[in-house]
Amino acid sequence: MSNQTIKQLTEMINTIMGQRVLTEKQLAQIMQGAKYAKERGGMEAVLEYLLHVTQADVSKEELQQFAEVVQQNPQMGMEILKGKKNIRKRK
């Protein structure tokens, strides 16, 4: 990932969160750790790593659902992050 991409992603995350919660350096370290986790244990390891690093108040299943949504429809992922859409699957 280029420095410009890291910068844009950091700005987007901070904007969505409404405050500065992440620096470019922190995001670069998280991305490097995620890459290492993927090399060692696949996507399952990446999700566990992200849950550990961010200490997010979500389950691994919710994070997996979000990852699947983003993979299929990146725009929907942005809407979920911005709170415009709910991640829970409809029956």
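FYI, it's all coordinate maths here, none of it is from the lab. Remember, predicted model here, so these are calculated numbers, not experimental data. Using ideal geometry, Cβ is built from the backbone for each residue, glycine included, and neighbour counts are taken over all protein chains shown.
Structural remarks
- Inspection of the range 46-62 finds no residue satisfying the criterion of being touching a residue at least 24 places away in the same chain (Cβ under 8 Å) and among the hydrophobic types (A, V, I, L, M, F, W, C).
- Residue tally, condition part of a helix (DSSP H, G or I) and either in contact with a strand residue (DSSP E or B) (Cβ under 9 Å, 6 or more places away or on another chain) or among the hydrophobic types (A, V, I, L, M, F, W, C) (or both), over the range 25-67: 16
- Cross-chain or 6+ apart pairs with Cβ under 9 Å, the range 12-29 first and in contact (Cβ under 8 Å) with a residue 40 or more places away in the chain, then assigned to a helix (DSSP H, G or I) and of a type in the set (A, V, I, L, M, F, W, C): 16/78; 16/81
- Answer from 21, 70 - the residue that is in a helix (DSSP H, G or I) and surrounded by 11 or more Cβ atoms within 10 Å (Cβ to Cβ): 70
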